[in-house]
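Notes follow the structure.
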Amino acid sequence: MTQPLTLAGYVLLPAHTGSGGFDHAAVHAKTGHVYVAHTANSAVDVFDPAAKKHLFSVPDLSAVAGALVSDESQGWYARVVRLVVFPQDWRPDPDGYFETYLKPAVEHATERRLYAIVDWHEIGDAGPADVETRQFWAQAAPAFASYPNVLYEVFNEAEDLTDTSWSLWKSRAQPWVDQIRRAAPANVILIGAPFWTQALQGAVSEPFTGDNLAYVGHIYPGIERSVWGLGGAFTQVAAVRPLMITEWGYRASEGSPVTGDQSSFGDALKAYIEEQRLGWTAWCADTVWSSQMFDPSWNLLVGPAEMGGFTKDWLAEKKDADQPAN
């Protein structure tokens, strides 16, 4: 027996600020909240249909496809998102950035039962970035200390090309780790390495001091297999320390270091990650940042030369793997 639809009420959402309108929506099963892709505003609007109330919006999501990569109704099965904080975006108004972007994004991920990596996305020498890095973590670390699903990635990619030694890196980054741990006693802290998070081997014999620490590596086609292949630095670290790959990607039409395709890179990367039993996040669910997974109209890029379809298929293949009991 079917019942005709009846209007139960309405919820006022923010007015359009650009061309277009609304796209698809998803219902969060646990809370009943509805997430609406508001493409005219490059935002996700969240409302409570029971209370008939608009709760909040997550802005600046560039047509919002990247915000819905955990929407199982669309065939997406992401379990973790990496929330990238570019220093140049944060710097002009740290409090405004936190309240407008970072906090709503963490809340959005939490409601969707996702792990969220807060990534201080610095790229450069660690020494000159010390003061700003401390300022960011002084704000972010205590803010999400009570969120068991939130991880902290201390410093995206240190360069330090004049001295890539582990001892110098550790002397600069250990104080950041200590600062975060004082403010957030339980959250997992993710630690990179010099030379664009490749010179990681020092973690084997000289690990950072602290509990609940893990190390990260980044893998692209332009990175030597001696870094991430069997017997390489990443493999050695993975044998004795927790390791996660927080960036990998490829695209045949892009320049170095991401130039590659599925046969020359993607398949080998997948085999390596699965053999080492590593967690990962791909770079990147975007239309601009290389190696991008979507075209400018937010259509998923597929085929042997693109990583978009490859990533989606991999997530679907592993959708039931290593999931918590509840």
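Mind checking which of His218, His33, His16 has the largest fluctuation in a GNM of the chain, springs on alpha carbons under 10 Å? Fluctuation is largest for His16. Across region 71-317, the relative contact order, built from alpha-carbon pairs under 8 Å that are at least six residues apart, equals 14 percent. Helical runs assigned H by DSSP (4 residues or longer) give the chain a calculated mean residue ellipticity at 222 nm of -7500 deg cm²/dmol, each run adding -39500 (n - 2.57) before division by the residue total. Tell me the net charge near Val216. Cut-off is 9 Å between Cβ atoms, Val216 excluded, with +1 for each Lys or Arg and -1 for each Asp or Glu. Counting the neighbours of Val216, the net charge comes to -2. For the chain, the residue among Ala8, Ala321, Val106 whose Cα projects farthest onto the positive side of the dipole built from Cβ charges is Ala8.
Converting the Cα gyration tensor eigenvalues of the chain into ellipsoid dimensions via √(5λ) gives semi-axes, longest first, of 34, 24, 19 Å. In order along region 95-100, the phi-based Karplus estimate (6.51 cos²θ - 1.76 cosθ + 1.60, θ = phi - 60°) of 3J(HN,Hα) comes to 5, x, 4, 4, 6, 8 Hz; Gly and Pro are listed as x. One Cα centroid belongs to region 235-263, the other to region 122-142; the line between them spans 25 Å. Pairs of C-alpha atoms in region 155-220 farther apart than 20 Å represent 22 percent of all such pairs.
The lysine pair count for the chain, using Cα distances under 19 Å and pairs eight or more places apart or on different chains, is 6. Highest GNM mean-square fluctuation, the chain, Cα pairs closer than 10 Å: which of Gly279, Gly18, Gly303? Between Gly279, Gly18, Gly303, it is Gly18 that shows the largest mean-square fluctuation.
Comparing Val154, Val204, Val58 in a Gaussian network model of the chain (Cα springs below 10 Å), the most mobile by mean-square fluctuation is Val204. Positive end of the dipole of region 77-140, charges at C-beta (+1 Lys, Arg; -1 Asp, Glu), about the Cα centre: which of Tyr77, Gly96, Ile117 has its Cα farthest in that direction? Checking the options against the dipole of region 77-140, the answer is Tyr77.
Local charge sum around Phe195 (other residues, Cβ-Cβ under 9 Å, Lys/Arg +1, Asp/Glu -1)? Net charge around Phe195: -3. Between amide H atoms placed 1.01 Å from N, distances below 5 Å from Ala116 occur with Val81, Val150, Leu151, all of them 5 or more places distant or on a separate chain.
Rule-based calculations on the coordinates, nothing more; no lab input. Model, not experiment: these values are computed from the prediction. Every residue, glycine among them, receives a Cβ derived from its backbone with ideal geometry; neighbour counts consider all protein chains shown.
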